[in-house]
Amino acid sequence: MGLFPPAPGGGKEIAYGYKGKGVVLHLLADSFGNPLAISTTPANASERLQVKILLQKANIHPRKSMPILEADKGYDSFWLRNELLKLNIFPYIPYKKNSSKAKEFKEKFKTKSIRWKVERTFAWIKRKCRRLFARWERTISAWQAFVSLGVIFMWMENLVR
């Protein structure tokens, strides 16, 4: 759920993370790869804290069936799983390799992973919105405006087809 654009221009909300200096785009997408919500954080911010923010932005309220939130191993934490279950959302988050539950997780849930659809959405954003490939804006409001415009552009393209 995260894309790392480097930030050679500097500015607010830029930090050094494990990949270098930049920001991280966090994306919540539906099962077709359409973006529902997007947020940005400095590169050293916690990914797990962004899940609730994205769910609030997307205004997801489970009705009859329990939606599945699939994320990568960076979102693996006990408290996040409990929070999602309290919200009636099933956390399909694999355990990290060093966890003893990693093998159990693979054996219990035989569902097909659709994580590739989120990665494909990130690839679409990078290809169609070249401005988001690297952050050159020094102000955070300009950067977030370009990110929002990228999501709007993707939705407009989906609606026209």
Inset, instruction - Check whether at least one residue in region 104-115 is in contact with a helix residue (DSSP H, G or I) (Cβ under 8 Å, 6 or more places away or on another chain) and either at pLDDT below 75 or not acidic (Asp, Glu) (or both), and report yes or no. - result: no
Legend entry - Where a residue in region 126-149 is more than 14 Å from residue 14 (Cα to Cα) and its partner, wherever it lies, is among the aromatic types (Phe, Trp, Tyr) and modelled with pLDDT of 80 or more, with Cβ under 9 Å and at least six apart: 128/153; 129/146; 129/153; 131/146; 132/146
Legend entry - Answer residue from region 10-30, given it is at pLDDT below 80 and part of a loop (DSSP other than H, G, I, E, B) and is surrounded by the fewest Cβ atoms within 10 Å (Cβ to Cβ) among those: 18
Inset, instruction - Please determine, by comparing only the residues of region 52-80 that are of a type outside the set (A, V, I, L, M, F, W, C), part of a loop (DSSP other than H, G, I, E, B) and touching a residue at least 12 places away in the same chain (Cβ under 8 Å), which one is nearest to residue 32 (Cα to Cα). - result: 67
Inset, instruction - Only residues that are charged (D, E, K, R), surrounded by fewer than 18 Cβ atoms within 10 Å (Cβ to Cβ) and under 18 Å from residue 114 (Cβ atoms): list them for region 42-94, please. - result: 72, 73
Legend entry - Sole exception among (1) at pLDDT 80 or above; (2) surrounded by 15 or more Cβ atoms within 10 Å (Cβ to Cβ) for residue 136, by number: (1)
Inset, instruction - Report whether or not residue 37 is under 15 Å from residue 25 (Cα atoms) and part of a loop (DSSP other than H, G, I, E, B). - result: no
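The values are calculated or read from the model by the stated rules, or taken from the named source; none is laboratory data. The model shown is predicted, which means the values in this text are computed figures rather than measured ones. In this analysis, Cβ positions are derived from the backbone assuming ideal geometry, glycine residues included, and neighbour counts consider all displayed protein chains.
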